[in-house]
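Data block below; observations after.
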Amino acid sequence: MMRQKPIVIGVTGGSASGKTSVSRAIFDQFSGHSLLLLAQDAYYKKSDLPFEERRKINYDNPLAFDTPLLHDQLESLIAGRAIDRPVYDYTIHNRSAEVVHMAPKDVIIVEGILILADEELRKLMDIKVYVDTDDDIRVIRRIRRDMRERGRSLDDIIGQYLQTVKPSYHQFIEPTKRYADIIVPEGGHNTVAIDLLTTKIRAILAERGLVD
Ligand SMILES: Nc1ncnc2c1ncn2[C@@H]1O[C@H](COP(=O)(O)OP(=O)(O)O)[C@@H](O)[C@H]1O
Ligand SMILES: O=c1ccn([C@@H]2O[C@H](COP(=O)(O)O)[C@@H](O)[C@H]2O)c(=O)[nH]1
C-alpha cells in the first residue's frame, strides 16, 4: 500500500505563551502512536561570533533562524526520510556539536515563535495553531524559566525583553496570528482546545488510514 502523508501541526505564539505545553499535551494524547515533536529553536543559526557578541543577537527576528534547513528537514520527514536534527544550547547562544537522529512519524508537531512567518513552511502544515497569552503573563513565565533553565540573570532577561523580545514580538510574531486555523488562549491548560485539536487530528489520521 502507498505510504500516506503524515499530519503536520504547527504550534506558534510568543515566547513563554505555552507552545511547548500545548505540544506536549497533544503528544500525551497520542501515546503509543507514531508522533514526533520538532522545535524551531533547534534551528537557530550557528554563529562564529564571540560570546559577548552572540548575547546581543536579536533571537526574535526571522533572520536568526536557519529556515531553509528546517524546511528541508521537515520536507524529508514528510517524505518518510529520517533526519539528523541540530541541537541548540541556550546557555552559550549557539548550536552544539551534537545532532539528534529522528525517524519519520505519522504525526509531526512543529513548534516555535516564527514557524508561521515563512510561507513555504506554512504550506507544509495541515493545522496551524496560535497560542495567545497576554504579554505580562508571558514575561513572568519567561523570567522564571530563563533563570531556572537557561542560565540568565534577572537584569539580562529584562534588558533583552525590552530591547528585542517585545518589539520583535509585535513586529514579526503577533502578525502571524492571521495564518492560524485555531487560536488557543493561555496554552497547555486549555483542555477544551486540546480536546478539539486531538479530535481533529484523530479524524485526519482515520481519513488517511494512519490509525493503528
Ligand atoms: N497555563 C499555564 N499556567 C502556568 N504556567 C504555565 C502555563 N503554561 C506554561 N506555563 C509555564 O510557562 C513557561 C513557558 O511555557 P512553555 O510551554 O515552555 O512556553 P513556550 O514553549 O511558548 O515558550 C514554562 O515554565 C511552563 O511551565
Ligand atoms: O540564544 C538564544 C536563543 C533564543 N532565545 C530566546 O528564546 C525565545 C524562544 O524560545 P521560547 O521557548 O519560545 O520562549 C526567543 O524569544 C528568544 O529571545 C534566547 O534568549 N537566546
Exercise. Round to the nearest 10 and give me the degree value, 0 to 90, for the angle of helix 67-78's Cα axis relative to the longest principal axis of the chain.
Key: 20
Quiz item: What spacing in nm lies between the two simple spin-label points modelled at residue 150 and residue 181, each 7 Å away from Cα in the Cβ direction?
Solution: 2.9
Quiz item: Between 125, 147, 102, which gets the highest mean-square fluctuation from a Gaussian network model of the chain, Cα cutoff 10 Å?
Solution: 147
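Once the Cα gyration tensor of the chain is found, what semi-axes does its equivalent ellipsoid get, as square roots of 5 times the eigenvalues, in whole Å, sorted largest first? Please report the intermediate quantities before stating the final value.
Numbers: eigenvalues 168, 83, 43 Å².
Over the Cα atoms of the chain, the ellipsoid semi-axes are 29, 20, 15 Å.
How much length, in nm to one decimal, is gained on full extension between residue 72 and residue 191, taken as 0.36 nm per residue of separation minus their Cα-Cα distance?
Details: separation 119, 0.36 × 119 = 42.84 nm, distance 3.29 nm.
Roughly 39.6 nm would be gained on extension.
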Exercise. Using amide H atoms built 1.01 Å from N in the peptide plane, name the residues 5+ places from residue 96, or on other chains, whose amide H lies under 5 Å from its own.
Key: 87, 88, 89
Self-check item: Crossing angle, helix 135-149 versus the chain [Cα axis fit, 0-90 degrees, rounded to tens]
Solution: 80
Quiz item: Given 46/105; 19/166; 5/123; 45/177; 128/177, which pairs have Cα atoms separated by over 20 Å?
Solution: 46/105; 45/177
Self-check item: Residue-averaged 222 nm ellipticity for the chain, from DSSP H runs of 4+ at -39500 (n - 2.57), nearest 500
Solution: -10000 deg cm²/dmol
Practice problem: Report the full-extension gain for the segment residue 100 to residue 45: residue separation times 0.36 nm, less the Cα-Cα distance, to one decimal in nm. | Solution: 18.2 nm
Quiz item: Taking only Cα atoms, what is the 0 to 90° angle, nearest 10, from helix 191-207's long axis to the longest principal axis of the chain?
Solution: 40
Quiz item: Based on the Cβ-Cβ distance from residue 53 to residue 120, what FRET efficiency comes out when R0 is 22 Å, to the nearest 0.05?
Solution: 0.15
Practice problem: Tabulate in residue order the Karplus-calculated ³J(HN,Hα) for region 43-52, using 6.51 cos²θ - 1.76 cosθ + 1.60 with θ = phi - 60°, rounded to whole Hz; enter x for Gly and Pro. | Solution: 9, 4, 5, 6, 10, 9, 5, x, 3, 4
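Coordinate-derived values only; no laboratory data. In this text the structure is predicted, and so the values were computed from the model without any measurement. Reconstructed Cβ throughout: ideal geometry from the backbone, glycine too, with neighbour counts over all protein chains shown.
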